[in-house]
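The values are calculated or read from the model by the stated rules, or taken from the named source; none is laboratory data. It should be emphasised that the depicted structure is a prediction, and the values quoted were computed from it without experimental measurement. We place every Cβ from the backbone using ideal geometry, glycine too, and count neighbours over all the protein chains shown. The area values use the complete protein model at the heavy-atom level, side chains included, leaving out ligands, DNA and RNA. Shrake-Rupley method; radii C 1.70, N 1.55, O 1.52, S 1.80 Å.
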Amino acid sequence: MARIAGVNIPTKKRVKVALTYVHGIGATSAAHICAKAGLGDERRVSDLTEDELTRIRDIIDADYLVEGDLRRQTSMSIKRYLDLGCLRGLRHRRNLPVRGQRTHTNARTRKGPAKAIAGKKK
């Protein structure tokens, strides 16, 4: 089992896909990492040598903010908005969409299940 940035990545998958299991690395970042490390598209994690894994780890440590550090930075940014009391902070506090989406009909994921309003029937 390969371990990168504190995450056990699946050994049967291709390296590009397996790297996306790390929080903060998407498909594009994974492709860049593989290119920098000099790995082919069809390489599987189980085929990697310890040297190649070390090279991938070094690239991620040097160039990317991942896992705990990224989560900490995100939560600190949200906390800063809450402390400022700006609109984004108020939207976070009320558990509503933050980036200007409509809430009249949509936003059920953010708002939770619909709540019935008493006396609405005709």
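Where Rh is the Kirkwood radius over the Cα pairs of the chain, the temperature 20 °C and the viscosity 1.002 mPa s, what D in µm²/s does Stokes-Einstein return?
Taking Rh from Cα pairs, D becomes 122 µm²/s.
To the nearest 10 degrees, how steep is helix 27-37 against the longest Cα principal axis of the chain, on a 0 to 90 scale?
Helix 27-37 sits roughly 20 degrees off the main axis of the chain.
Just how much of CYS34 is accessible, in Å², when a 1.4 Å probe is used and the result is rounded to the nearest 10?
It works out to around 0 Å².
Just the number please: accessible area per residue for the chain, 1.4 Å probe, all protein chains included, in Å².
71 Å²
Choose one of VAL45, VAL15, ALA116: the residue whose Cα lies farthest towards the positive end of the charge dipole of the chain (beta-carbon charges +1 Lys, Arg; -1 Asp, Glu; about the Cα centre).
Highest projection toward the positive end goes to ALA116.
Can you give the percent of C-alpha pairs in segment 1-46 whose distance is more than 15 Å?
Of the Cα pairs, 34 percent sit more than 15 Å apart.
Pairs of lysines 8 or more apart, or on different chains, with alpha carbons under 21 Å: count those in segment 2-122, would you? Kindly include the intermediate steps, with their values, before the conclusion.
Numbers: LYS13/LYS36; LYS16/LYS36; LYS79/LYS111; LYS111/LYS120.
Going through segment 2-122 pair by pair, I get 4.
For the chain, what % of the accessible area comes from carbon and sulfur atoms, probe 1.4 Å? Let's see the in-between values first.
Details: 4490 of 8720 Å².
Here it works out to 51 percent.
ALA30: net charge of surrounding residues, Cβ under 13 Å, Lys/Arg +1, Asp/Glu -1, itself excluded?
Taking every Cβ under 13 Å from that of ALA30, the sum is +3.
Tell me the angle of helix 50-63 to the major Cα principal axis of the chain, expressed in degrees between 0 and 90 and rounded to the nearest ten.
40 degrees
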